[in-house]
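Peer 1: Please read through the structure below; I'll follow up with questions.
Read-outs: derived from the displayed coordinates by stated rules, not from any lab. If you're wondering where the values come from, they're calculated on a predicted model, not measured in any experiment. Don't worry about glycine lacking a Cβ; one is built from the backbone with ideal geometry, like all the others, and counts go over all protein chains shown.
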Amino acid sequence: MKIKKAAKFDFSDKIIVFIATGAYVGYFPFAPGTLGTLWGIVFYYQFLELQPLFYVFITLVLFFIGVRISDRAEKVFGKKDDGKIVIDEISGMMFSLIFIPKKLELIIAAFVLFRIFDILKPIKKLEKIEGGMGIMADDLFAGVLTNVLLQIYVYGIL
């Protein structure tokens, strides 16, 4: 689906692009989604010392901000789910790490699993959702699925 590009590119559009592209890492010529995922780990480390429920709150806020930002970014870029938009990967990776013990091997496992699920998109219907929610939903699912698998591994639920 072709998205009608924004008629003019004003200062607010520049802010939208800055946030949506993860401080412009989305413009990197290859693997911008992987770089966005790494930004998610950076955010995780920034909030490491917070109470776990506050981390959940920040992650949810970032998700809902991401819905609005990516919706507008689609219009600025004039393309549905433009690859330059990486706020979805940042948010999804943060969901991957909710309540996960702070161990390097688990963070690496979360990174690998999240990227696999983000690339494979296990629920194709999520991609059909229009606008910002459609951009964010598949990464939310990838993050939650990654988190559930890691919780099962860490806490031996099965």
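Peer 1: Going by alpha carbons, how many degrees (0 to 90, nearest 10) lie between the helix axis of 52-77 and the longest principal axis of the chain?
Peer 2: Helix 52-77 sits at roughly 20 degrees to that axis.
Peer 1: How much mean residue ellipticity at 222 nm does the chain get from its helices, if each DSSP H run of length 4 or more adds -39500 (n - 2.57) and you divide by all residues, to the nearest 500 deg cm²/dmol?
Peer 2: On the way: 6 runs with 103 residues, N = 158.
About -22000 deg cm²/dmol.
Peer 1: Right, another one. What aspartates and glutamates sit close enough to K121 to cross-link, taking a C-alpha to C-alpha distance under 19 Å and skipping anything fewer than 8 places away on the same chain?
Peer 2: Straight-line reach from K121, under 19 Å: D81, D82, D88, E89, E130, D138, D139.
Peer 1: While we're on this one: Rounded, prolate or oblate: which one fits the chain, using the alpha carbon gyration tensor with axes a ≥ b ≥ c (rounded when a/c is under 1.5, else prolate when a/b beats b/c, else oblate)?
Peer 2: prolate
Peer 1: Let me ask something additional. Evaluate E = 1/(1 + (r/R0)^6) for V144 and S12, where r is the Cβ-Cβ distance and R0 equals 35 Å; express this FRET efficiency to the nearest 0.05.
Peer 2: Numbers: r = 31 Å, r/R0 = 0.89.
After rounding, the FRET efficiency stands at 0.65.
Peer 1: Return a whole-number percent for the relative contact order of the chain, with Cα pairs under 8 Å and 6 or more residues apart as the contact set. Write down the numbers at each step before the final one.
Peer 2: Working: 221 pairs, mean separation 46.0, N = 158.
Result for the chain is 29 percent.
Peer 1: So, one more: Residues with amide H under 5 Å of K79's amide H, sequence separation 5 or more or different chain, H placed in the peptide plane at 1.01 Å from N; which?
Peer 2: So K79 has HN proximity to I3.
Peer 1: From the residues A20, L104, A73, which one has its Cα farthest along the dipole of segment 8-110 in the positive direction, the dipole being from +1 and -1 charges on Cβ of Lys/Arg and Asp/Glu about the Cα centre?
Peer 2: Projecting each Cα onto the dipole axis, the largest value belongs to A73.
Peer 1: Enumerate by residue number the trypsin sites (Lys or Arg not before Pro) in segment 84-158 meeting two conditions: DSSP loop (anything except H, G, I, E, B), and at most 11 other Cβ atoms within 10 Å of the site's Cβ.
Peer 2: Details: sites: K84, K102, K103, R115, K124, K125, K128; in loops: K84, K102, K103.
Of the trypsin sites (Lys or Arg not before Pro), the ones in loops of segment 84-158 whose Cβ has at most 11 other Cβ atoms within 10 Å are K102, K103.
Peer 1: Taking only Cα atoms, what is the 0 to 90° angle, nearest 10, from helix 32-46's long axis to the longest principal axis of the chain?
Peer 2: Value to nearest ten degrees: 50.
Peer 1: My understanding is that a pair violates if its Cα-Cα distance is over 23 Å; which of K103/K124; K80/K124; K103/K125; K79/K128 do that in this structure? Present the calculation step by step, with values, prior to reporting the outcome.
Peer 2: On the way: K103/K124 32 Å; K80/K124 15 Å; K103/K125 34 Å; K79/K128 14 Å.
Those over the limit are K103/K124; K103/K125.
Peer 1: Going by alpha carbons, how many degrees (0 to 90, nearest 10) lie between the helix axis of 11-20 and the longest principal axis of the chain?
Peer 2: The angle comes out near 30 degrees.
Peer 1: Testing the spin-label approximation: label points 7 Å from Cα along Cα→Cβ at I65 and V112. State their distance in nm.
Peer 2: 3.2
Peer 1: Among the GluC sites (Glu not before Pro) in segment 44-93, which ones are in a DSSP loop with at most 16 other Cβ atoms within 10 Å of the Cβ? Mind listing them?
Peer 2: Details: sites: E49, E74, E89; in loops: E49.
Here the sparse-neighbourhood loop sites are E49.
Peer 1: Given R₀ = 25 Å, what would the calculated FRET efficiency be for A23 paired with K124, taking r from the Cβ atoms and rounding to 0.05?
Peer 2: Details: r = 30 Å, r/R0 = 1.20.
The calculated FRET efficiency here is 0.25.
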